[in-house]
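First up is the structure itself, then whatever we jot down about it.
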Amino acid sequence: TLVVKDGMLFGKPKDKQDAINMLKKLKNTYHTAITGLCVLIEKDGEYKEFIDYDITKVFFKDMTNEEILNWIEIGNPYNKAGGYEIRSQFCVFIEKIEGNITTVQGLPVHKLYDIIKYFI
């Protein structure tokens, strides 16, 4: 998963200051979360590879510096693209999303389902 805002790419923050900087740039605006998907399926001795991705817009509310620091202390932002996790306490800062929430969570399950359904 990768977070993109105004042409800037936000992966996982490398340290506390990086997480602070990311969240300050993302607050009170929207960005896109892009998650890739690669599936290799074997059926009857034949292998098929599927490569795809999905994009979801995520709209953040404004956050105070104190709220950002609090999230960093309790939320483990270091293993999340953009420094946040949508299915955690951080959800109070999400105004809305346009797209599928599982894309933001890191696995576009709706696309995975379509790939698997093709082979059932």
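When the accessible area of the chain is split by element with a 1.4 Å probe, what percent falls to carbon and sulfur? Intermediate values should be presented prior to the final figure.
Values: 3760 of 7270 Å².
Whole-percent figure for carbon plus sulfur exposure: 52.
Of the chain, which part is the longest with no trypsin sites (Lys or Arg not before Pro) in a loop (DSSP not H, G, I, E, B) and with at most 14 other C-beta atoms within 10 angstrom? Show your work: numbers first, answer last.
Working: sites that count: Lys14, Lys61, Arg87.
Result for the longest clean stretch: 15-60.
By the helix-only formula, in which each DSSP H run with n ≥ 4 contributes -39500 (n - 2.57) and the sum is divided by residues, the chain has a 222 nm mean residue ellipticity of -9000 deg cm²/dmol.
In this label model, Ile116 and Ile55 are separated by 2.7 nm, measuring between points 7 Å along each Cα→Cβ vector. Segment Lys96..Asn28, full-extension length gain: 23.3 nm, with 0.36 nm per residue of separation and the alpha-carbon distance subtracted. Relative contact order of the chain, taken over Cα pairs closer than 8 Å and 6 or more residues apart, is 30 percent. For Lys16, the lysines whose Cα falls under 23 Å of its own Cα, not counting residues fewer than eight places away in the same chain, are Lys5, Lys24, Lys25, Lys27, Lys61, Lys80.
For the range 33-120, the percent of C-alpha pairs falling in each 5 Å distance bin, counted from 0 to the bin holding the largest distance, reads 3, 12, 21, 19, 14, 11, 8, 6, 4, 2, 1, 0. Separation of the range 57-120 from the range 34-48 is 25 Å, based on Cα centroids.
Think of a 1.4 Å ball rolled over the protein heavy atoms: the chain then has 61 Å² of accessible area per residue.
The values are calculated or read from the model by the stated rules, or taken from the named source; none is laboratory data. The shown structure was predicted, so the numbers you read here are calculated from the model rather than taken from an experiment. So basically every Cβ, Gly included, is an ideal-geometry build from the backbone, and we count neighbours across all protein chains shown. The protein model used for the area step is the full one, side chains on, heavy atoms only, and it has no ligands, DNA or RNA in it. Shrake-Rupley method; radii C 1.70, N 1.55, O 1.52, S 1.80 Å.
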